[in-house]
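The values are calculated or read from the model by the stated rules, or taken from the named source; none is laboratory data. It should be emphasised that the depicted structure is a prediction, and the values quoted were computed from it without experimental measurement. Note that we place each Cβ from the backbone using ideal geometry, even for glycine, and neighbour counts take in every protein chain shown. Areas reflect the complete protein model, heavy atoms only, side chains present, ligands, DNA and RNA absent. Shrake-Rupley method; radii C 1.70, N 1.55, O 1.52, S 1.80 Å.
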There are 2 protein chains.
Amino acid sequence: MKIVKIGGNIVDNADLLQEFLTAFSKIEEDKILIHGGGKIATEYSEKLGIKVEMLKGRRITSKESLDVALMTYAGLVNKKIVASLQSLNCNSLGLSGADGNVIIAERRIVKDVDYGYVGDIEKVNSQFIKTLIDLGLSPIFCALTHDGNGQMLNTNADSIASSIATAMSEHCDVELIYIFEKPGVLSKINDSNSVIQNMDYKSYQNLKADGSIHDGMLPKLDNCFNSLNNGVAKVVISNIDYFKDNSKVHTQINL
Amino acid sequence: MKIVKIGGNIVDNADLLQEFLTAFSKIEEDKILIHGGGKIATEYSEKLGIKVEMLKGRRITSKESLDVALMTYAGLVNKKIVASLQSLNCNSLGLSGADGNVIIAERRIVKDVDYGYVGDIEKVNSQFIKTLIDLGLSPIFCALTHDGNGQMLNTNADSIASSIATAMSEHCDVELIYIFEKPGVLSKINDSNSVIQNMDYKSYQNLKADGSIHDGMLPKLDNCFNSLNNGVAKVVISNIDYFKDNSKVHTQINL
């Protein structure tokens, strides 16, 4: 099974999204897609006059921001992806964590910072996902979960991908693929020729220690290692070219 | 099986929606819910400065209006309903017509009026709906379909309810319930005590001829008779009180 997470650079670009979905539809293995909302949520927040609240450098999901996330992630982006995949003969089904009770999360309350309606994943119902896949469906997840008590929650798409990959590893061999804007993890941040083709935990620690790896990559890489530690067979970070030719440059994460 | 369509008066009122969902969650038979977006789409259109285009007295769904429908129907309203039902121990799954390729529609092009991104239903995949129900899920449909070629389409929620009810009648006895703001179809439009308890096609034609029935009721009633003509076992029009006590006033439609 291939589990693919796409980043904002693809979601925000209609042509690139169509190119990606065409490649995704051709994957012959069972497949799952996880997407965030890209800049669309921010754009609509601005149009609607909803302030992006920041506290200690972290974004806070207010009630209004959560509504925008529901609208853009679960509505606009998810349904356009599903409709497009249907036209590519890929029978897909859009899901938030509330649908089929598939991902339960707990609202994150931290002593010094209340992040608002943000959820940390507690449980992925992998049996339900397997049932959908056995019906011939490709589940398309947006970056939303629920708490089981009627509250939707905003949840990081990388974390959702990692948690789903881990949960599905109970049923089959899983390859988890993070697609972002660069061909892989770079040792020199501005040099796209500096892709680290293989990264193990020791080299990750070294690159982290010497500051070669950028802040934004750290939680993504932590998710990768967590996934491998919890049974995921293969983890790759690359860009859309990964699907064009498997031999091209990408970063494979190893324990 | 009970198939319930709720109108804008419920979707727009958080307390009434919660009351309805509590009643819906207690229905012991297999169940399906269809909802529109109420005034929320109009409110967001206004906030976003999107003009509601009218042509020859009919609303036109522009590209921008369709985006708002995707956001509010499939995102905001659908996911809040699903999360709320999960908290009431009703395992629900939100769907647009694109999800699982469940409702295919054709974009309506009329010679003199182009209604924009509006779809007329061509096919309901009742086998897929049955499969979801057999898994213990209650499908929650929003008023959106797709054309199979990548285009989402706005589709009247009453028509979706009628088409789903007809399609499901191949599998089981279906009761189709339209919940709106009045206790039933009224013979005197401003007198809520004038509920027509039983309406057959002949009395409908008479009430239509003498102008007793309001314009807005006509397509709804046409959907009701179409459903009965196509195998639906029972059709009822009422308000939320219908679920409180089955013996209360309501309109039952008969052939």
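Would you point out which residue out of A:I240, A:I164 is under 30 Å from A:L70 (Cα atoms) and modelled with pLDDT of 95 or more?
A:I164
Within the range A:84-95, can one find any residue that is among the polar types (S, T, N, Q), touching a Ser or Thr at 6+ places or on another chain (Cβ under 7 Å) and without any contact (Cβ under 8 Å) to a residue 24 or more places away in the chain?
The answer is yes, given that some residue of the range A:84-95 is among the polar types (S, T, N, Q), touching a Ser or Thr at 6+ places or on another chain (Cβ under 7 Å) and without any contact (Cβ under 8 Å) to a residue 24 or more places away in the chain.
I'm trying to understand the selection: among the residues of the range A:62-79, which are under 18 Å from the mean Cα position of the chain (by Cα) and either in contact (Cβ under 8 Å) with a residue 40 or more places away in the chain or not in a helix (DSSP H, G or I) (or both)?
Selection gives A:L66, A:A69, A:L70, A:Y73, A:A74, A:V77, A:N78.
Considering the range A:41-61 alone, what residues qualify as being in contact with a Phe, Trp or Tyr (Cβ under 9 Å, 6 or more places away or on another chain) and assigned to a strand (DSSP E or B)?
Answer for the range A:41-61, where residues must be in contact with a Phe, Trp or Tyr (Cβ under 9 Å, 6 or more places away or on another chain) and assigned to a strand (DSSP E or B): A:L55, A:R58, A:R59, A:I60, A:T61.
Exactly one condition in (1) at the interface with chain A (Cβ under 10 Å from one of its Cβ atoms); (2) part of a strand (DSSP E or B); (3) acidic (D, E) is false for B:D120; which is it?
Only one criterion in (1) at the interface with chain A (Cβ under 10 Å from one of its Cβ atoms); (2) part of a strand (DSSP E or B); (3) acidic (D, E) is unmet by B:D120, namely (1).
Those residues that are among the charged types (D, E, K, R), more than 8 Å from chain A (Cβ to nearest Cβ) and more than 19 Å from the chain's Cα centre (by Cα), I need them from the range B:32-55; list them, please.
B:E43, B:E46, B:K51, B:E53
Looking at the range B:61-99, which of the residues that are β-branched (V, I, T) and in contact with a His (Cβ under 9 Å, 6 or more places away or on another chain) is surrounded by the fewest Cβ atoms within 10 Å (Cβ to Cβ)?
B:I81
Would you say A:I164 is in contact with a Ser or Thr (Cβ under 7 Å, 6 or more places away or on another chain), closer than 21 Å to A:K234 by Cβ and among the aliphatic types (A, V, I, L, M)?
Here the answer is no, as A:I164 does not meet what is asked.
Taking B:N226 and the conditions (1) open to solvent by less than 50 Å² (accessible area, probe 1.4 Å); (2) closer than 21 Å to B:H35 by Cβ; (3) over 13 Å from the mean Cα position of the chain (by Cα); (4) among the polar types (S, T, N, Q), which numbered condition does it fall short on, given that it satisfies the others?
Here B:N226 meets the rest and fails (1).
Could you tell me whether A:R58 is basic (K, R), within 13 Å of chain B (Cβ to nearest Cβ) and open to solvent by 10 Å² or more (accessible area, probe 1.4 Å)?
Criteria not met by A:R58.
Name the residue that is most open to solvent (accessible area, probe 1.4 Å), counting only residues in the range B:17-47 that are hydrophobic (A, V, I, L, M, F, W, C) and modelled with pLDDT under 95.
B:I40
Would the range B:27-34 turn up any residue that is among the hydrophobic types (A, V, I, L, M, F, W, C) and part of a loop (DSSP other than H, G, I, E, B)?
Yes - at least one qualifying residue is present in the range B:27-34.
Is at least one residue of the range A:100-109 part of a strand (DSSP E or B) and within 20 Å of A:G8 (Cβ to Cβ)?
No.
From the list A:A23, A:A83, A:A14, pick out the single residue that is in contact with a strand residue (DSSP E or B) (Cβ under 6 Å, 6 or more places away or on another chain) and not acidic (D, E).
After ruling out the rest, the residue left standing is A:A83.
This table checks each residue for (1) within 14 Å of another protein chain (Cβ to nearest Cβ); (2) open to solvent by 40 Å² or more (accessible area, probe 1.4 Å).
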site	(1), (2)
B:V102	yes, no
B:F128	yes, no
B:T131	yes, no
B:S138	yes, no
B:G150	yes, no
B:D158	no, no
B:E170	no, yes
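Among the residues of the range B:172-195, write down those that are under 20 Å from B:V77 (Cβ atoms) and open to solvent by less than 10 Å² (accessible area, probe 1.4 Å).
Passing the criteria: B:I177, B:Y178, B:I179.
Any residue in the range A:2-15 that is in a loop (DSSP other than H, G, I, E, B) and of a type in the set (G, A, S)?
yes
Of all the residues that make up the range A:104-126, how many are farther than 15 Å from B:Q86 by Cβ, open to solvent by less than 10 Å² (accessible area, probe 1.4 Å) and of a type in the set (G, A, S)?
Within the range A:104-126, residues that are farther than 15 Å from B:Q86 by Cβ, open to solvent by less than 10 Å² (accessible area, probe 1.4 Å) and of a type in the set (G, A, S) number 1.
Which residue is farthest from the other protein chains (Cβ to nearest Cβ), if the candidates are limited to the range A:90-99 and must be of a type in the set (G, A, S) and not in a strand (DSSP E or B)?
Restricting to residues being of a type in the set (G, A, S) and not in a strand (DSSP E or B), the top hit is A:G97.
Restricting to the range B:206-223, what's the tally of residues that are within 18 Å of B:L255 (Cα to Cα) and surrounded by fewer than 10 Cβ atoms within 10 Å (Cβ to Cβ)?
Going through the range B:206-223 one residue at a time, the tally reaches 1.
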